[in-house]
1. Condition first: closer than 23 Å to residue 71 by Cβ, of a type in the set (A, V, I, L, M, F, W, C), free of Cβ contacts under 8 Å to residues at least 60 places away in the same chain and open to solvent by less than 70 Å² (accessible area, probe 1.4 Å). Can you find one or more residues in region 7-17 that meet it?
2. Test each condition in (1) loosely packed, with under 12 Cβ neighbours inside 10 Å; (2) modelled with pLDDT of 95 or more; (3) under 20 Å from the mean Cα position of the chain (by Cα) for residue 57 and report the one that comes out false.
3. In this structure, is residue 36 under 30 Å from residue 15 (Cβ atoms) and exposed (fewer than 11 other Cβ atoms within 10 Å of the Cβ)?
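The values are calculated or read from the model by the stated rules, or taken from the named source; none is laboratory data. Just so it is clear, the model here is predicted, and its values are computed rather than measured. As a convention, Cβ positions derive from the backbone with ideal geometry for all residues, glycine included, and neighbour counts pool all protein chains shown. Keep in mind that these areas ignore ligands, DNA and RNA; they rest on the heavy atoms of the full protein, side chains included. Shrake-Rupley method; radii C 1.70, N 1.55, O 1.52, S 1.80 Å.
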Amino acid sequence: RHKRYLKQNHKVFYNNLLTSGKLNSYFADIEQQEEEMFFGLVKDLADKENVTEELKATDMMLWVQKMNSIRNRAT
């Protein structure tokens, strides 16, 4: 999606990345940032909602339900 967005809305920037050979590393950096933000958000929400390893050990199904809900909201 981001590639399409750059091609449509930031043609000069996209072409500069493409011709300099930095396009793939740019997208890799963006993906890494997105992944870090996602996992950070999941961790913060889990801490806020008290979804811990202790809950996982005592009630696995409840932990799975809560983590799935958190991941869906983070997405």
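1. Checked region 7-17: no residue is closer than 23 Å to residue 71 by Cβ, of a type in the set (A, V, I, L, M, F, W, C), free of Cβ contacts under 8 Å to residues at least 60 places away in the same chain and open to solvent by less than 70 Å² (accessible area, probe 1.4 Å).
2. (3)
3. Here the answer is yes, as residue 36 does meet what is asked.
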